[in-house]
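The next block holds one structure in the form of structure tokens; read it before the comments.
The values are calculated or read from the model by the stated rules, or taken from the named source; none is laboratory data. Everything numeric in this text was worked out from a predicted model, so none of it was measured. All Cβ positions, glycine included, derive from the backbone under ideal geometry; neighbour counts span all protein chains shown. Remember, those area values only see protein heavy atoms, side chains included, never the ligands or the DNA or RNA. Shrake-Rupley method; radii C 1.70, N 1.55, O 1.52, S 1.80 Å.
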Amino acid sequence: MRPEVLRLAGELSERGEPYALATVVWRRSPSSGQTGATALITRDRTILGWLGGACAEPTVIREALRMIEEGRSGLLFLGPPEELAGQQREGVVTVPIACQSEGAMEVFVEPVLPQPQMLAIGRSPAAETLASTAAGLGWRSHLVDEGLDLDAADAATSIVIATQGHYDEDALEAALRTPAAYIGLVASRKRAEAVLGYLRDRGASEEQLARVHAPAGLDLGRIPTHEIAVAVLAEIVALRAAGSLGAAAPAPVEARHEEIDPVCGMTVDVADARFRATHEGRTSYFCSAQCLATFTRDAGTPSPPRPSSRT
């Protein structure tokens, strides 16, 4: 994989942004894609890397965006329409690419979705252990202190307040202003009731307070302070496994207006279509100059002097 693809993948993962990796696992000449070639595709349709020519690339982008939205991996077979029936098998998406080429490709597309995020608030051993252990699980993990910068919190975030009484109330108020999936307060039951009562007196609704897990974590009895982190993480993992915590799904991919190339049958994104022609009051869109030329010849219409250029 090219170093710049690896760098961008790391940056996107750190920011919690979804993307897809597409790898050519098989090719038949004269396809321009090469076995092992990998590209990274972002939700704004940016592609870094090389997969193939004018027919293959937009098709892979479209299918990659669909897989990001659905959260699943898949294998694409891109080849002549007459070969598609023979490639029908579980887990394979077949896509016709004509474009006057006998080439074909198989591309494996893997969406990489944001990992859960942990914001551990406090300077206590419990907070430090929470942050480090969550990082060990591959989560996006941050230790937050009195600045209470919780802007990074999203619907895949768990916020755990472990200030040991220093500023529980302020931290909990700040956490309740976020969309976090889990908000936990590390405290004794008596202390937790006092903190919730304080917020209730300050106008917090019962609906808001019901979001708080207090005391946070599974009840493991009397355990050392830093081991409380294990109890809290165990509770979060259990809730996630049961589906009780909403995982952050990527926002729906923006709907695109697509048309079918009347010559080869490929799907063409109208917004990005470079080749188009109007015949008998209807505009058709094409994946390549060859398809446009075939259409204008067969329809008896004059060939445009040059394709429309849309970016």
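Residues that are touching a strand residue (DSSP E or B) at 6+ places or on another chain (Cβ under 7 Å), open to solvent by less than 60 Å² (accessible area, probe 1.4 Å) and more than 23 Å from THR133 (Cα to Cα) are absent from segment 203-225. Cβ separations smaller than 6 Å between residues 6+ apart or across chains give the following pairs from segment 209-220 residues that are in a helix (DSSP H, G or I) to residues that are crowded, with 18+ Cβ neighbours inside 10 Å: LEU209/LEU196. Taking segment 75-178 and the strands (runs of 3 or more DSSP E) fully enclosed by it, the elements with 1 or more residues that are touching a strand residue (DSSP E or B) at 6+ places or on another chain (Cβ under 7 Å) and farther than 30 Å from ILE223 by Cα are at 92-96, 104-112. Restricting GLU14, GLU63 to those that are surrounded by fewer than 17 Cβ atoms within 10 Å (Cβ to Cβ), in contact (Cβ under 8 Å) with a residue 12 or more places away in the chain and assigned to a helix (DSSP H, G or I) reduces the list to GLU14. Every condition in (1) among the aliphatic types (A, V, I, L, M); (2) open to solvent by 30 Å² or more (accessible area, probe 1.4 Å); (3) at pLDDT below 90 is met by LEU239 except one, and the failing one is (3). Residues in segment 205-236 that are among the acidic types (Asp, Glu) and either at pLDDT 90 or above or touching a Cys at 6+ places or on another chain (Cβ under 9 Å) (or both): GLU206, GLU207, GLU235.
The single residue among ALA37, ALA22, ALA104, ALA120 that is open to solvent by less than 40 Å² (accessible area, probe 1.4 Å) and within 30 Å of ALA229 (Cβ to Cβ) turns out to be ALA120. In segment 257-295, the qualifying residues are those that are without any contact (Cβ under 8 Å) to a residue 40 or more places away in the chain, within 22 Å of THR46 (Cβ to Cβ) and not in a strand (DSSP E or B), and the one that is least open to solvent (accessible area, probe 1.4 Å) is ALA273.
Being modelled with pLDDT of 90 or more, β-branched (Val, Ile, Thr) and surrounded by fewer than 17 Cβ atoms within 10 Å (Cβ to Cβ) is not true of VAL92. In segment 123-138 there is no residue matching the filter, namely being within 20 Å of ALA192 (Cβ to Cβ), open to solvent by 40 Å² or more (accessible area, probe 1.4 Å) and without any contact (Cβ under 8 Å) to a residue 24 or more places away in the chain. Being open to solvent by 20 Å² or more (accessible area, probe 1.4 Å), of a type in the set (A, V, I, L, M), closer than 29 Å to GLY138 by Cα and touching a residue at least 60 places away in the same chain (Cβ under 8 Å) is the requirement here; does ILE228 meet it? Spelling it out, ILE228 is indeed open to solvent by 20 Å² or more (accessible area, probe 1.4 Å), of a type in the set (A, V, I, L, M), closer than 29 Å to GLY138 by Cα and touching a residue at least 60 places away in the same chain (Cβ under 8 Å).
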